[in-house]
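This report concerns only the one structure given below.
The values are calculated or read from the model by the stated rules, or taken from the named source; none is laboratory data. Note that this is a predicted model, so its numbers are computed, not measured. We place every Cβ from the backbone using ideal geometry, glycine too, and count neighbours over all the protein chains shown.
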Amino acid sequence: MRLRLLAAAMCGIILAGCETADTGAASRARLNAAIQAEPAGNYFIGRRMYKEDYKIWGWVREPGKPWKTARLVMLNEQRKLAPERESNTIGSDNNFEYKLSGYFSGETVYEPASDSFYPEFIFLGGEVLSTSPANIYQQKRQNEPAVRLLQAPL
């Protein structure tokens, strides 16, 4: 009987040590505080997500709103080319963060590789805010161009 109690106690201690810790909680809290401090205005924040197999541009959110509210968009470049297309360096800005000018057209665009429809963002211009911003994804692998992962930001 003592042996069983001892074994049960040891199992409890071992399993408690296996609990998953949220190592990104502190950095997400800092990121959310910075987002809440963004000034209101007629602009958007975009996070480029280059994928070799997809034609999506990335995530776009309103200033002051968390990344979990962002929408994965197709960029309409009829008025202005995206920065990396303008310099003919497609994908070189993967995971860059931008301050975008433009608007959502209200239309959706079909993207064949993902077999999905995405909102159309009319791109009018943009400036780089960061070339190495904080992680916004559950899995950092989402930043890899060859990985076909399209999970929403946290």
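Just one of (1) polar (S, T, N, Q); (2) surrounded by 14 or more Cβ atoms within 10 Å (Cβ to Cβ); (3) assigned to a loop (DSSP other than H, G, I, E, B) trips up residue 101, so point out which.
(3)
Just the residues that are crowded, with 16+ Cβ neighbours inside 10 Å and either hydroxyl-bearing (Ser, Thr, Tyr) or farther than 17 Å from residue 96 by Cα (or both), please, taken from segment 128-148.
Residue satisfying the conditions is 137 alone.
Does any residue of segment 113-127 turn out to be within 19 Å of residue 35 (Cβ to Cβ), surrounded by fewer than 13 Cβ atoms within 10 Å (Cβ to Cβ) and over 15 Å from the mean Cα position of the chain (by Cα)?
Yes, that holds for at least one residue.
Any idea which of (1) within 26 Å of residue 32 (Cα to Cα); (2) buried (at least 16 other Cβ atoms within 10 Å of the Cβ); (3) in contact (Cβ under 8 Å) with a residue 60 or more places away in the chain is the one residue 154 doesn't satisfy?
Tallying (1) within 26 Å of residue 32 (Cα to Cα); (2) buried (at least 16 other Cβ atoms within 10 Å of the Cβ); (3) in contact (Cβ under 8 Å) with a residue 60 or more places away in the chain, residue 154 fails exactly one: (2).
Only one residue in 109, 60, 73 is under 24 Å from residue 148 (Cα atoms), among the hydrophobic types (A, V, I, L, M, F, W, C), modelled with pLDDT of 95 or more and surrounded by fewer than 19 Cβ atoms within 10 Å (Cβ to Cβ). Which one? Steps first, please.
Values: 60 fails: surrounded by fewer than 19 Cβ atoms within 10 Å (Cβ to Cβ); 73 fails: surrounded by fewer than 19 Cβ atoms within 10 Å (Cβ to Cβ).
Testing whether each residue is under 24 Å from residue 148 (Cα atoms), among the hydrophobic types (A, V, I, L, M, F, W, C), modelled with pLDDT of 95 or more and surrounded by fewer than 19 Cβ atoms within 10 Å (Cβ to Cβ) leaves just 109.
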